[in-house]
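Worksheet for the structure shown next.
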Amino acid sequence: MARISILHPGAMGAAVGHALRDVGHDVGWLPEGRSPATANRAFAAGLAPWTDVGAADVVISLVPPAAAVETAARVEGFTGIYVDANAISPGRSAEVASIVRNGGATFVDGGVVGPPPTENGTTRLYLSGDEAVRIAALFDGSRVEAVTVEAGEFGASAVKMTYASWTKISAALVLAADGTAEAYGVADILHAEWARSQPDLARRLERARSSAVAKGWRWDDEMRQIAATFGEVGQPRGLGEAAADIYGRYERPE
């Protein structure tokens, strides 16, 4: 059994923490400064309230991409294993790794593909780095499938970013096409053509709308991280930047 701190119990963090708790680990979170909604999720997941991460063996960071660096900086002095499982570029992950190591901890890169894990077979946690195998073992028997990536220290972030580049940028393109057709007064005709020649796009549009309303505010920065990921290896950044512009038009739900 390991002592694991989840930073922080959003929808994904709470579900991952619950999955770890269900296989016997001691899982906690830090209530200070968090919202009542976060506290409710942590309570429902059975996470213990801790005052700090000092007693933890492992910290797993699952926060909005823009908060990844700040979250790492706040655990200075932690000497266990710090897993950054956020949707950030390999370059941003390297920045987090430097902060974590300078603070005294060991770094493992991570990236989640799939929804919050409430059942088996839906969610993968990709892991890379020297202690990736050790972290993967913590998830044995859980609802989260841990997959180690042997493609450099930040390979897990590269997997997450390239996977999300297709799923989320293609959804943004469908939203943009629909919005443009609406502005020109031809949305009904476009939808009719989709029904004839691209029948899956009508369903895709509804899913994209629903996801953007719920999470577009969070995906804005994730798309910029995808743009950075592409740019780091000479691929065009524009796809991610355009998707960020589309998702940035959606306000965070109350």
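The values are calculated or read from the model by the stated rules, or taken from the named source; none is laboratory data. A quick note: this is a predicted structure, and the numbers were derived from the prediction, not measured. When we count neighbours, we look across all protein chains shown, and the Cβ atoms used for this are built from the backbone with ideal geometry, even at glycine.
Quick test of your reading of the structure: VAL108 fulfils all but one of (1) farther than 17 Å from VAL159 by Cα; (2) crowded, with 24+ Cβ neighbours inside 10 Å; (3) β-branched (Val, Ile, Thr). Name the failing condition by number.
Every listed condition holds for VAL108 apart from (1).
Of the numbered conditions (1) assigned to a helix (DSSP H, G or I); (2) outside the structural domain of GLY179 (by TED's automatic domain parsing), PRO253 fails exactly one; give the number of that condition.
Of (1) assigned to a helix (DSSP H, G or I); (2) outside the structural domain of GLY179 (by TED's automatic domain parsing), only one is false for PRO253: (1).
Which pairs have Cβ atoms under 8 Å, sit 6 or more apart or on different chains, and link a residue in the range 66-79 that is among the charged types (D, E, K, R) to one that is assigned to a loop (DSSP other than H, G, I, E, B)?
GLU76/GLY103; GLU76/GLY104
Applying the selection to the range 15-54, what residues are surrounded by fewer than 17 Cβ atoms within 10 Å (Cβ to Cβ) and in contact (Cβ under 8 Å) with a residue 60 or more places away in the chain?
Within the range 15-54, ASP22, VAL23 meet the criteria.
Determine whether the range 94-105 contains at least one residue that is surrounded by fewer than 23 Cβ atoms within 10 Å (Cβ to Cβ), under 20 Å from the mean Cα position of the chain (by Cα) and touching a residue at least 60 places away in the same chain (Cβ under 8 Å).
Yes, the range 94-105 has at least one match.
Name the residue, out of TRP50, TRP29, that is farther than 24 Å from PHE154 by Cα, in contact with a helix residue (DSSP H, G or I) (Cβ under 7 Å, 6 or more places away or on another chain) and aromatic (Phe, Trp, Tyr). It would help to see each step written out before you state the result.
Working: TRP50 fails: in contact with a helix residue (DSSP H, G or I) (Cβ under 7 Å, 6 or more places away or on another chain).
Criteria check complete, one pass: TRP29.
For the range 113-145, which residues satisfy the criterion of being aromatic (Phe, Trp, Tyr) and either closer than 22 Å to ARG92 by Cα or under 15 Å from the mean Cα position of the chain (by Cα) (or both)?
If we filter the range 113-145 for residues that are aromatic (Phe, Trp, Tyr), which is where we start, we get 126, 139.
The answer is TYR126, and nothing else.
Just to be sure before I move on: is GLU119 in a strand (DSSP E or B), more than 14 Å from ILE81 (Cβ to Cβ) and not aliphatic (A, V, I, L, M) in the structure I sent?
Working: in a strand (DSSP E or B): no; more than 14 Å from ILE81 (Cβ to Cβ): yes; not aliphatic (A, V, I, L, M): yes.
So GLU119 fails the test.
Please give the number of the condition THR148 fails out of (1) more than 18 Å from the chain's Cα centre (by Cα); (2) farther than 16 Å from LEU20 by Cα.
Of the numbered conditions (1) more than 18 Å from the chain's Cα centre (by Cα); (2) farther than 16 Å from LEU20 by Cα, the odd one out for THR148 is (1).
Filter the range 122-146 for residues that are in a loop (DSSP other than H, G, I, E, B) and either at negative phi or out of contact with any Asp or Glu (no Cβ under 8 Å at 6 or more places or on another chain) (or both) and give the result.
Step one: filter the range 122-146 for residues in a loop (DSSP other than H, G, I, E, B), giving 122, 129-131, 139-143.
Within the range 122-146, THR122, ASP130, GLU131, PHE139, ASP140, GLY141, SER142, ARG143 qualify.
Would the range 213-221 turn up any residue that is part of a helix (DSSP H, G or I), surrounded by 18 or more Cβ atoms within 10 Å (Cβ to Cβ), of a type in the set (A, V, I, L, M, F, W, C) and touching a Leu at 6+ places or on another chain (Cβ under 9 Å)?
no
Quick test for you: out of ALA195, ALA172, pick the one residue that is of a type in the set (Gly, Ala, Ser) and more than 26 Å from the chain's Cα centre (by Cα). Before you say what the answer is, go through the steps one by one.
Values: ALA172 fails: more than 26 Å from the chain's Cα centre (by Cα).
None of the other options fit; the residue is ALA195.
Only residues that are aromatic (Phe, Trp, Tyr) and surrounded by fewer than 11 Cβ atoms within 10 Å (Cβ to Cβ): list them for the range 167-212, please.
From the range 167-212, those aromatic (Phe, Trp, Tyr) are 184, 194; that's our starting set.
Passing the criteria: only TYR184.
Do the conditions hold for ALA158, that is, is it under 15 Å from PHE230 (Cβ atoms) and in a helix (DSSP H, G or I)?
Details: under 15 Å from PHE230 (Cβ atoms): yes; in a helix (DSSP H, G or I): yes.
So ALA158 fits the description; yes.
Go through the range 1-14 and report how many residues are surrounded by 18 or more Cβ atoms within 10 Å (Cβ to Cβ) and not in a loop (DSSP other than H, G, I, E, B).
7
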